[in-house]
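Asker: Quick one: the structure is below, questions incoming.
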Amino acid sequence: MKITCKKSEILNSVNISLKAVPAKTTMPILECIIIHVTDSTIKFITNDMELGIETIVNGLITESGSVAINAKIFSDIIRKLPDSDIVIETDNNYMTTISCEKSVFTIAGKSSDEFPALPEIEKKEPMVLSQFSLKEIIRQTVFSISDNESNKIMTGELFEINGNEFKVVSLDGHRISIRKITLKSEYAPTKVIVPGKTLNEISKILSGEMEDEVRIFFTDKHILFEFDNTIVLSRLIEGEYYKINQMLSGDYETKLTINRKVFLECIDRATLLIKESEKKPIILGITESAMELRVNSTLGSMNEEMDIVKEGKNILIGFNPKFLMEALRVIDDEEVTIFMTNPKAPCFIKNAEESYIYLILPVNFNAVK
């Protein structure tokens, strides 16, 4: 095998491929990146058995072939070579020579035969949306998945398609994030649970450009993202997602409208006095025309008052400030509307169209003076 590629081309593909290389594995072959060269295509392939990535590299093909190379070593070498053309060549024993200008590295490769191939999936009609939309909808929801592996369902996001509506849901037992967008076409009803890890990695690879498209294919066990010169194939999480509709009551006794940026900055100031280990809540005291934010901790106390527009009852309620901040950060509206019922019932941050809904459970603050 022999290929010649620009450093920028190889580095871009390596950076994408590394996202499916496991940090720890009992199968050493999975620590490798496969360079697979045919008469017309150069592909880099990685697979951690949950997530697989195949990306096409532009370059000159002198001789076809295939080799498995330790992904970390290969990445480190490419990163530190000069910004010039790189020649990668292997012999019959998979010894791989990487040369660029006056630098020459020789490293031991191995046969790619042991490497688990990415599953072949039947590509039916894909859901098509812009890379910008997918990147945004992941950013606006993925923060509220659970990192507790004992409940696999909560470590993923629900992708639900009904006609031309695409809805994404995440939850961790303390909050729920929901985003909806309207697609350009209509599709068959689909419901799958996509691992949060897959979505985090996808969002790093996507260009985020409005004019660039991503095609998403679904099967019973896999989801395939196809964009630019890359495909990302992931296993789905098996099981039934939680029935969240019964949690989304439209009843409320207090409704307030508030400047999102000012509210976010105020909570951010309050967290200066909260140690991570203390888990102290921020207490909101809502009266006729103002909201008082209060924090008491071992480091000190903080009070701040904000102007609000309120309908309904006064309320005193406590929240984990991190949960409020993470929701407010991903909302683009200048003002947000918050709906509350009582100090023990969830609050909702949502817009009139319900294109976003953030449900956050309050915390008990009786012990907080």
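Asker: For every helix of n ≥ 4 consecutive DSSP H residues, a contribution of -39,500 (n - 2.57) applies; sum these over the chain, divide by its total residues, and give [θ] at 222 nm rounded to the nearest 500 deg cm²/dmol. Show your work: numbers first, answer last.
Answerer: Working: 6 runs with 60 residues, N = 369.
Computed mean residue ellipticity for the chain: -5000 deg cm²/dmol.
Asker: Counting other C-beta atoms within 10 Å, and keeping those with at most 16, which DSSP coil trypsin sites (Lys or Arg not before Pro) do you find in the range 1-76? Intermediate results must be reported in sequence, preceding the final value.
Answerer: On the way: sites: 2, 6, 7, 19, 24, 43, 72; in loops: 24.
Of the trypsin sites (Lys or Arg not before Pro), the ones in loops of the range 1-76 whose Cβ has at most 16 other Cβ atoms within 10 Å are 24.
Asker: Still on this model: Looking at the range 52-134, which GluC sites (Glu not before Pro) are DSSP coil and have at most 10 other C-beta atoms within 10 Å of their C-beta?
Answerer: Working: sites: 54, 63, 89, 101, 114, 120, 122; in loops: 101, 114, 120, 122.
When the GluC sites (Glu not before Pro) of the range 52-134 are filtered for loop state and at most 10 Cβ neighbours within 10 Å, 120, 122 remain.
Asker: Turning to a different aspect of this structure: Can you give me the accessible area per residue for the chain, using a 1.4 Å probe, in Å²? Could you put the intermediate results ahead of the total?
Answerer: On the way: 18420 Å² over 369 residues.
Here the per-residue accessible area is 50 Å².
Asker: Round to the nearest 10 and give me the degree value, 0 to 90, for the angle of helix 260-270's Cα axis relative to the longest principal axis of the chain.
Answerer: Computed tilt is about 90 degrees.
Asker: Which one of 148, 58, 245 has the biggest mean-square fluctuation once the chain is modelled by GNM with Cα springs under 10 Å?
Answerer: 245
Asker: Another question about this same structure. Points 7 angstrom from Cα along the Cβ direction at residue 351 and residue 128: gap in nanometres?
Answerer: Distance between the two pseudo-spin positions: 2.5 nm.
Asker: For the chain, with all protein chains present and a 1.4 Å probe, just round the carbon and sulfur fraction of the accessible area to a whole percent.
Answerer: Details: 8830 of 18420 Å².
Looking at the chain in its full context, I get 48 percent from C and S.
Asker: Pick the calculated percent of Cα pairs over 35 Å apart for this structure from [x] 35; [y] 40; [z] 24?
Answerer: Recomputing percent of Cα pairs over 35 Å apart here gives the entry labelled [y].
Asker: Output the Kirkwood hydrodynamic radius of the range 135-188, Cα pairs only, in Å rounded to one decimal. Before the final figure, lay out the partial values.
Answerer: On the way: mean 1/r = 0.0854 Å⁻¹.
After inverting the mean inverse Cα-Cα distance, the result is 11.7 Å.
Asker: Can you tell me the relative contact order of the chain? Whole percent, Cα pairs under 8 Å, sequence separation 6 or more. Spell out each step's value before the answer.
Answerer: On the way: 801 pairs, mean separation 46.2, N = 369.
Relative CO of the chain lands at 13 percent.
Asker: Run through the range 174-272 and list the trypsin sites (Lys or Arg not before Pro) located in a DSSP loop whose Cβ has at most 15 other Cβ atoms within 10 Å. Don't skip to the end; give the middle numbers.
Answerer: Values: sites: 175, 179, 180, 184, 191, 197, 204, 215, 221, 235, 243, 255, 260, 261, 269; in loops: 221, 243.
For trypsin sites (Lys or Arg not before Pro) across the range 174-272 that sit outside H, G, I, E and B with at most 15 neighbouring Cβ atoms in 10 Å, the list reads 221, 243.
The values are calculated or read from the model by the stated rules, or taken from the named source; none is laboratory data. It should be emphasised that the depicted structure is a prediction, and the values quoted were computed from it without experimental measurement. Counting neighbours? That spans all protein chains shown, and the Cβs are built from the backbone with ideal geometry, glycine included. SASA here: full protein model, heavy atoms, side chains in, ligands and nucleic acids out. Shrake-Rupley method; radii C 1.70, N 1.55, O 1.52, S 1.80 Å.
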